[in-house]
Structures are given as C-alpha cells and as structure tokens.
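Below is one structure, written out as structure tokens; the observations come after it.
Each reported figure results from applying straightforward, stated rules to the coordinates on display, with no laboratory input. Just so you know, these numbers come straight off a predicted model, no measurement behind them. Note that each Cβ is placed from the backbone with ideal geometry, even for glycine, and that neighbours are counted across all protein chains shown.
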Amino acid sequence: MKYKVIILYDAEDDIFDIYRYIFINDSKDKAEYVLGKIEEACLDLENLPERGHIPKELDWVGVSNYREIHFKPYRIIYEIESKKVYIHCVLDGRRDLQQLLERRLLR
C-alpha cells in the first residue's frame with residue numbers, strides 16, 4: 001500500500017539551499033545529481049516509510065514520532081501520519097543538528 005509523500009515548505013527550502021550551495025561551490029551537474037538523489041529518496045518513502053529510524057538527537061529527548069533516512073551526508077527527517085509521509089527537513093549530517101531539530105520540529 002502506497003503512502004502519499006508531502007514535502008513541506010521548510011524541507012523545500014532546505015533542498016533549494018543545498019542545490020544552490022553545490023551549484024555555486026561545485027557545478028550545475030553535481031547540484032542536479034544531488035537534487036535528483038534527494039528527491040528520489042523522498043519519493044521512495046511512499047513504499048515502506050517505517051524503514052527509517054528515529055533521529056538520535058530526538059530520541060535523546062524522548063521524541064519518537066519522527067524518522068530519518070539518508071542520502072549521505074544529507075539526512076531526510078519525516079513523520080508518518082495515517083497514509084501520509086511529511087518531509088520536514090533535509091539537513092547536512094555534518095552539522096550539529098541537536099538544536100536545529102529541536103527548534104524546527106518541536107515548535
């Protein structure tokens with residue numbers, strides 16, 4: 001049974017920022033490759049979204065309703081509700097994400 005994947009505005013902004021950064025600092029081809037892989041990973045959540053795991057930064061504070069998958073080094077944070085998957089953010093896993101996740105997801 002398929003789930004509907006919904007990429008929220010914050011996640012769209014994250015994806016655009018990643019694309020723009022790679023475009024400026026590397027190349028258009030690399031930016032488009034990464035964009036395609038992130039979009040593919042997000043859309044693959046329509047099948048078996050439960051396969052992701054709880055982000056450790058949220059697990060530490062007792063929040064277990066979010067999951068994550070990776071297109072390294074990027075972390076795709078999402079929530080499953082009924083038959084919908086809400087993509088909340090796409091973040092660079094090399095950053096310290098504890099405060100960012102708490103601020104963005106727990107507001």
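Looking across region 45-67, the residues that are under 16 Å from TYR3 (Cα atoms) and in contact (Cβ under 8 Å) with a residue 12 or more places away in the chain come down to LEU45, GLU46, ASN47, PRO49, GLU50, ARG51, GLY52, TYR66, ARG67. Inspect region 27-38 for any residue being touching a residue at least 60 places away in the same chain (Cβ under 8 Å) and either closer than 18 Å to LEU91 by Cβ or of a type in the set (A, V, I, L, M, F, W, C) (or both) and give the result as yes or no. No, the conditions are met nowhere in region 27-38.
Among the residues of region 72-85, those identified as surrounded by fewer than 18 Cβ atoms within 10 Å (Cβ to Cβ) and either in a strand (DSSP E or B) or without any contact (Cβ under 8 Å) to a residue 24 or more places away in the chain (or both) are LYS72, PRO73, GLU79, ILE80, GLU81, SER82, LYS84.
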